[in-house]
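No lab work stands behind these numbers, since they all come straight from the coordinates. These figures come from a predicted structure and were not determined experimentally. Here the Cβ positions follow ideal geometry from the backbone for every residue, glycine too, while neighbour counts run over all protein chains shown.
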Amino acid sequence: MTTTAVPAEPVPMRVSYRDRLRRLVSPMLFMTPAGVLTVAFFFLPVIILFGISLTNLSSSTGFKNYEWVGFENYVKIVQNPLTKLNLIATIKYVSLTLVFFNIGMALVVALLSTHISRRAGFVYRALWLLPRLTPSVVYIMMWKFIGADSPYGIMNQHVLEPLGLSTANWVAARPWLFVILTNGFIGASFGMIIFTSAIESIPRDYMIAAQVDGCNAWQRIRHVILPMMRWPLLFVVTYQTLSLLTSFEQIYLLTDGAGGTEVWALWAYHRALNNYWGNFQWGFGAALAMVLVAIGIVASVVYMRFFQFNALVQEPKIEAM
Amino acid sequence: MKVLLENLSKHFGSVVAVDGVTLDIRDSEFVAFLGPSGCGKTTTLLMVAGIYKPTTGIVKFDERVVNHLAPRDRKIGMVFQSYALYPHMTVYQNLTFPMRLSKVPKSEMEARAKEAADILGIGALMDRRPGQLSGGQQQRVALGRALAKQPDLLLFDEPLSNLDARLRLSMRGEIKRLQMELGITSIYVTHDQVEAMTMADRIAVIREGKLQAYATSDELYDQPRTLFIAGFVGNPPMNLIEVEVLQEGDSYRARRNGFDLQLSEARGHKAAGRGKVILGIRPEDVSIGDRGLRGEVYVVEPLGRDDLLDVHVGDASVHVLADPSLHLKIGDQVQLGLNVDKVQFFDPESEQSLLWA
């Protein structure tokens with residue numbers, strides 16, 4: 001044995017108090033900008049909104065003479081005869097637009113455009129983006145031109161009259177049809193883009209395997225493509241539910257709530273910011289908006305739990321391997 | 001089932017992926033398509049599968065032209081490098097998916113799935129999903145899916161390339177044994193010449209879309225018809241040395257700077273008088289002795305059973321498989337004996353063999 005002094009055990013690394021503090025603080029510092037933005041633009045508005053919803057703040061009280069009224073606005077909502085109608089209109093609007101366009105049409109367009117030549121598919125999808133790119137006022141004007149009352153209107157003048165069919169004031173006659181068409185043609189492009197990229201990233205071997213295994217085109221979509229798109233499907237369902245719940249500008253421009261199309265978000269807007277009697281009921285409108293926030297939170301939680309959204313987000317987007 | 005490819009070509013725009021391939025596959029035969037990546041072997045396979053339509057030429061199954069038959073009507077089974085097991089189905093559902101599509105009765109479906117699973121030893125995995133299986137197990141399931149549908153033709157697209165070396169070795173033997181027992185005509189695409197040589201009855205060597213040779217592995221190895229085959233088949237690869245073959249009376253000699261080799265008359269006379277030719281000799285046909293070409297050991301690579309030497313003879317480099325017990329070191333002077341009955345000759349311009357034209 002040599003006599004060289006070797007320590008029997010390694011000396012534990014000393015971590016100074018300063019180091020420990022730095023390790024604790026520096027991640028916080030990195031998170032600060034995002035944290036500030038989140039708090040300033042997501043949490044604070046909700047808290048302010050909730051605060052306003054507990055007052056009778058309106059243009060007749062002004063910013064000085066308002067009173068705290070507790071949950072009176074919420075009680076009013078429950079008692080209001082319009083509540084049920086507008087809630088049904090909202091559910092109708094969200095679910096029909098979602099099913100037929102934001103998911104249904106988006107899937108159809110994505111599937112069609114990935115089964116034709118690449119260039120044609122690209123052009124086809126680009127066309128579907130036009131409604132989203134067009135300023136909404138112009139876009140709705142065009143729809144109004146299509147449905148305008150006779151002797152005007154593209155439908156009346158150029159389709160129905162030449163065929164000798166009876167004309168109508170179409171937007172007023174079929175308000176729901178127009179509400180869902182106008183919103184659907186805008187909304188479909190979002191899902192279309194997500195679904196197209198999902199379909200195109202399915203490895204080619206699966207497509208070959210499906211054909212060799214005996215699938216026709218429909219069976220390949222049904223048994224191979226759709227099951228591999230679970231994540232993008234759920235994502236689009238969730239995201240579009242939430243954005244439809246709060247959207248109202250196209251309905252506002254098209255029918256302004258006439259014909260039973262007063263959805264919840266439009267109702268809140270009308271009461272708070274565009275009141276017929278000129279009294280902007282900010283407190284009541286805030287309470288209406290809070291209900292929407294609550295519905296959104298509940299829907300998100302349900303989607304996340306029920307569809308195991310968290311687990312899906314962590315998995316690869318395409319469950320290839 | 002017999003398969004016949006006749007003058008088969010596939011163009012993608014201006015790119016010619018497959019160029020006039022003609023070959024026949026006998027009933028129950030195991031044929032490998034061998035070539036470097038991008039040579040057109042997979043494109044050829046996909047034309048047989050019906051995924052690609054040939055630009056010209058025909059594909060025949062037995063006596064029937066199948067060019068316009070959809071893949072699902074061809075009675076083929078296919079195994080992929082990526083396994084391509086459907087991730088949302090269990091092993092059982094994967095095995096029976098083709099049968100469900102063709103509406104096989106449930107009892108028969110179960111029996112066939114069980115039979116395939118038993119053959120491949122995956123019976124205990126029926127309820128698992130592909131994500132819960134190892135690579136080797138996934139490949140067995142993929143093979144089972146192809147077998148359970150009882151195809152007339154099995155197509156393999158580099159099925160072992162994603163497996164580790166040990167597993168690849170055992171699966172290689174297993175696939176070969178299965179194919180022989182079941183007698184299903186098979187086409188096996190690979191870039192690995194060892195796989196092709198060990199498994200296939202005949203090997204189609206494909207290069208740049210053209211069929212270079214279609215022969216048994218022994219023939220490819222001992223009688224390479226082109227320079228490409230000589231260099232591609234065999235590991236370590238054949239030595240290729242540019243020489244001039246001269247006739248001196250009855251004897252033939254291959255010469256270059258510092259290199260002078262007495263040849264047999266049978267092989268020598270075919271290469272003589274042509275100016276520069278390429279001499280090929282496999283590393284195992286060169287021996288270290290006390291006679292022959294003088295050279296200097298430049299690199300020693302111990303491979304365990306052999307040492308692979310790079311010996312410089314003049315300005316030529318010759319790879320030699322040598323006995324490790326010789327303990328040769330870099331810089332040692334050695335003498336090389338070449339087995340003149342195994343020497344190959346190629347025309348440097350046409351790259352064709354001068355011996356096996």
Rounded to whole angstrom, the alpha-carbon centroid of region B:160-204 lies from that of region B:288-357 at a distance of 31
At each listed q (0.08 Å⁻¹), what is the log10 of I(q)/I(0) that the Debye formula gives for chain A modelled as equal alpha-carbon point scatterers?
-0.57
Can you tell me the FRET efficiency between residue A:92 and residue A:226 if r is taken as the Cβ-Cβ distance and R0 is 22 Å, rounded to the nearest 0.05?
0.25
Among A:71, A:235, A:306, which one shows the highest mean-square fluctuation when chain A is modelled as a Gaussian network with alpha-carbon springs under 10 Å?
A:306
Could you compute the FRET efficiency for residue B:1 and residue A:36, with r as their C-beta to C-beta distance and R0 at 45 Å, rounded to 0.05?
0.05
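State which helices in chain A qualify, where a helix is a whole DSSP H run, it must extend 20 Å or more along its own axis by its Cα atoms, and its mean Kyte-Doolittle hydropathy must be at least 0.5. Walk me through the numbers before you get to the answer.
Working: long enough: A:17-38 (31 Å, 0.15); A:81-97 (25 Å, 0.77); A:118-133 (22 Å, 0.22); A:175-200 (37 Å, 1.43); A:230-246 (25 Å, 0.91); A:282-306 (35 Å, 1.89).
Counting only whole DSSP H runs, the qualifying helices are A:81-97, A:175-200, A:230-246, A:282-306.
For n ≥ 4 DSSP H runs only, could you compute -39500 (n - 2.57) per run for chain A, divide by its residues and tell me the 222 nm figure to the nearest 500?
Details: 16 runs with 202 residues, N = 321.
It comes out at -20000 deg cm²/dmol, rounded to the nearest 500.
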Give me the one-decimal nm value for the distance between modelled label points at residue A:17 and residue B:169, 7 Å along each residue's Cα-to-Cβ direction.
6.3
13 Å Cα-Cα reach of residue B:103 towards aspartates and glutamates, excluding residues that sit fewer than 8 places from it in its own chain
A:213
Taking only pairs that are 8 or more places apart or on different chains, how many Lys pairs in chain A have Cα atoms under 30 angstrom apart?
6
In nm, to one decimal, how far is the residue A:65 label point from the residue A:117 one, both placed 7 Å along Cα→Cβ?
7.3
If each DSSP helix of 4+ residues adds -39,500 (n - 2.57) and the sum is divided by the residues in chain B, what number results at 222 nm, nearest 500 deg cm²/dmol?
-7500 deg cm²/dmol
Binned at 20 Å starting from 0, the alpha-carbon pair-distance distribution of chain B in whole percents comes out as 26, 46, 24, 4
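Just rank A:237, B:91, A:99, fewest to most, by other beta-carbon atoms within 10 angstrom. Spell out each step's value before the answer.
Details: A:237 17, B:91 27, A:99 14.
In increasing order of surrounding Cβ atoms, one gets A:99, A:237, B:91.
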What lysines could a cross-link reach from residue B:342, if we take a straight Cα to Cα line under 26 Å and drop same-chain neighbours fewer than 8 places away?
B:270, B:276
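Here are some pairs, B:10/B:106; B:60/B:149; B:53/B:149; which of them have Cα atoms lying more than 30 Å apart in this structure? Provide the component values of the computation, followed by the final result.
Values: B:10/B:106 40 Å; B:60/B:149 21 Å; B:53/B:149 24 Å.
Beyond 30 Å: B:10/B:106.
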Output the antiparallel fraction of DSSP beta bridges having both residues in region B:3-232, as a percent to the nearest 5.
50
